[in-house]
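Report on one structure; see the data block that follows.
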Amino acid sequence: MDKFDRSIQLDLIQALYDSSPEGLTHDKYNEIEGRFGGVINTVANLKYLEGHGLITVRIDRYINSSYEVSSELMGITPKGIDFIRDDGGLGAILNVVNIRLHSDTINQLEAIINSSSAPAEERANLISTLRKLPEDAIKHLNLKLLDAGLAHLPNAFHAIQTAIQNL
């Protein structure tokens, strides 16, 4: 038996989701503890899930090395809810980064192309293709350029050319 069984972990998180804002009933907790194979494995999994920010739990350890889990105080975190919902949750909405394209973005890209050492005909074709791209393709191109630019600053022209050809 795998000590960190993903299906049991998922069932535990789902049970906390279903019982939110309350914790687990003693019966439900005992069922899950049995599936994990005892208190030691259960505590290991609870600490693991809490470490990943998916649940909150109170675990007391006594002098005789025994554990007591307060099942009624267990809870699912916002990160755990987003995990169960599998839609990115509010984190996907709140952590959005907007990239705004201004009209001078194309002009700056054209300036980079024109300042390259590529043949004039190749530069003209690249600029012509660039001007025909839809907004989403320009956004994608800018992201690719940012990635490539950070990795290879001197090779900007080649990065633009490759990105456009791959759109």
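The values are calculated or read from the model by the stated rules, or taken from the named source; none is laboratory data. Values in this document were obtained by computation on a predicted structure and should not be read as measured data. Virtual Cβ from ideal backbone geometry, glycine too; neighbours counted across all protein chains shown.
Just give me the residues in the stretch 70-113 being at pLDDT below 90, of a type in the set (A, V, I, L, M, F, W, C) and in a loop (DSSP other than H, G, I, E, B), in sequence order.
V96, V97, I99, L101
Counting only residues that are basic (K, R) and either farther than 19 Å from I84 by Cβ or outside the structural domain of I84 (by TED's automatic domain parsing) (or both), how many does the stretch 10-67 have?
3
Filter the stretch 126-167 down to residues that are modelled with pLDDT of 75 or more and either under 12 Å from I112 (Cα atoms) or of a type in the set (A, V, I, L, M, F, W, C) (or both), then give me how many there are.
Number satisfying all stated conditions: 8.
Starting from residues that are basic (K, R) and part of a helix (DSSP H, G or I), keep the ones in the stretch 1-43 and report whichever is farthest from I76 (Cα to Cα).
Among those that are basic (K, R) and part of a helix (DSSP H, G or I), it is R35.
If we keep just the residues of the stretch 46-60 that are of a type outside the set (S, T, Y) and over 17 Å from E72 (Cα atoms), which is surrounded by the fewest Cβ atoms within 10 Å (Cβ to Cβ)?
Only one residue tops the list, namely G51.
What do you reckon, is I76 crowded, with 18+ Cβ neighbours inside 10 Å and touching a residue at least 60 places away in the same chain (Cβ under 8 Å)?
Yes.
Given the conditions (1) closer than 20 Å to G38 by Cα; (2) in contact with a Phe, Trp or Tyr (Cβ under 7 Å, 6 or more places away or on another chain), report the number of the one that S66 does not fulfil.
For S66, the exception is condition (2).
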